[in-house]
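Here the structure comes first, spelled out in structure tokens, and everything after it is commentary.
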């Protein structure tokens, strides 16, 4: 997967997270889970989009670090939604799998980014 495809996948993930947050019930527990789920979930794509043209390697790595942290935090809140039994676990399995995969991919990109001239050089 090239960087363009990865950015597209990240954006789709963010949209799925926002839709899930919107679909949670308007109960106290639903609202309590919706806000922290959407907060790190949507910015993952924006932080991953950061490109190192005109930026330092340190700046690129910092953005990727934020994206990785956001993806991992999103995994936590997805677990909370499942464990609260607000949404059946089988409905969130694909989203949880995507969150795990994206967290791993961002981590791999962050680790290898200093060796790449440009984030677009990274190939999956």
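Quick rundown of the values:
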| item | result |
| --- | --- |
| Extended-chain gain in nm, criterion 0.36 nm per residue less alpha-carbon gap, residue 18 and residue 31 | 3.4 nm |
| Long-range Cα-Cα pairs in segment 1-113 (distance over 18 Å), rounded percent | 47 |
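Every number here is computed from the coordinates shown, using simple stated rules; none is lab data. In this text, all values refer to a predicted model and were calculated from it rather than measured experimentally.
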